[in-house]
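Here the structure comes first, spelled out in C-alpha cells, and everything after it is commentary.
The values are calculated or read from the model by the stated rules, or taken from the named source; none is laboratory data. This one's a predicted model, so the numbers in the text were calculated from it and none came from an experiment. Every residue, glycine among them, receives a Cβ derived from its backbone with ideal geometry; neighbour counts consider all protein chains shown.
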Amino acid sequence: MKVGIIKFPGSNCDQDVFHALELVKAQPEYIWWNKRDLSDFEAIIIPGGFSYGDYLRAGAIAAITPVIDGIKDCVKEKKPVLGICNGAQILAEVGLVPGVFTQNQSAKFICKWTELKINSTRTPFTSMYKKNEIINMPIAHGEGRYYNENLKKLYENDQIILSFALENPNGSMEAITGVCDEEGLVCAVMPHPERASETILGSDDGLKFFSGMVKY
C-alpha cells in the first residue's frame, strides 16, 4: 500500500510516521507541499509539527498550498486521509473535518502521555480497536482544544472517534480529541499514534491506526 506523507516547512513528525508505516509493511513516500497530483497514492497522512511556524494560526498557511487540492481529490476518490496534530488542524482549517482545534484553555503547550477512549470503530484508522477501548498515546500541542457549534450532529453521525478518557488537558468540548468526516474516511486526531507505535517508546497502542488503514 503506497502512502503519501505530506511535508510542509516546519513539519517534524514525518520521519516518525514513515517508520510507523514501515512497521505495518506499507510503502511510505514523502510528498512536498507544492505537489498537486497525488493519484499514485492509496492513502495520505498529514503529520504533526509546526507548518509555516504556525503563523496566523495553526494550519492557516498550509491550507492554501497546492497539495491541499490533491488531498481533496483523494477524498473525492474515497481514499483514507489521516491528519495528526498539526495535520488535524490543517484538515479542520480546510473543512475536511468538522469543527476547529484552537488554543488550549491553559494557553500553554502541553506534552504528556494521555489515556484515550475509542468512541468509534467505523473508520479505517480505528477499525482494529474495540469500541470504548482505552488506549495510551502522547499529546504535544498548543492549539488542540476542540470546538464545534453542532455537537448534536457529530453524535448523530458517529463522527467522534477519540476522546480523553480521564482528564481533559486542553479544555476540548466533551473532551473530544479526534473526529472524522461523515464518510468516516478522513480522520483528524490530536494525539500522536506514531509516537506510540512500539513498546520501546512506552506503548504500541497507536500502531493499529496504521495497520487498520493497511487492512482497509
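Assorted remarks:
- Within segment 186-212, considering residues that are in a strand (DSSP E or B) and not acidic (D, E), the one surrounded by the fewest Cβ atoms within 10 Å (Cβ to Cβ): S203
- Residue within segment 122-136 that is basic (K, R), out of contact with any Ser or Thr (no Cβ under 8 Å at 6 or more places or on another chain), more than 29 Å from M1 (Cα to Cα) and surrounded by fewer than 23 Cβ atoms within 10 Å (Cβ to Cβ) present: no
- Check on G83, among the small types (G, A, S), surrounded by 22 or more Cβ atoms within 10 Å (Cβ to Cβ) and either farther than 18 Å from P9 by Cβ or in contact with a Cys (Cβ under 8 Å, 6 or more places away or on another chain) (or both): yes
- Matching residues in segment 159-184 - criterion: being at pLDDT 95 or above, touching a strand residue (DSSP E or B) at 6+ places or on another chain (Cβ under 7 Å) and part of a loop (DSSP other than H, G, I, E, B): Q159, A165, P169, N170, G171, S172
- Residues of segment 30-49 satisfying the condition of being over 20 Å from G212 (Cβ atoms) and in contact with a Phe, Trp or Tyr (Cβ under 9 Å, 6 or more places away or on another chain): Y30, I31, W32, W33, G49
- So T102, is it over 21 Å from M213 (Cβ atoms), surrounded by fewer than 21 Cβ atoms within 10 Å (Cβ to Cβ), of a type in the set (S, T, N, Q) and at pLDDT 95 or above: yes
Each row is one residue, and each column tells you yes or no for (1) in contact with a Leu (Cβ under 7 Å, 6 or more places away or on another chain); (2) closer than 16 Å to A58 by Cα; (3) among the charged types (D, E, K, R).
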site: V94; (1), (2), (3): no, yes, no
site: H141; (1), (2), (3): no, yes, no
site: R145; (1), (2), (3): no, yes, yes
site: N150; (1), (2), (3): no, no, no
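- If you go through segment 137-158 and keep only what is touching a Ser or Thr at 6+ places or on another chain (Cβ under 9 Å) and outside any strand (DSSP E or B), you end up with E143, G144, D158.
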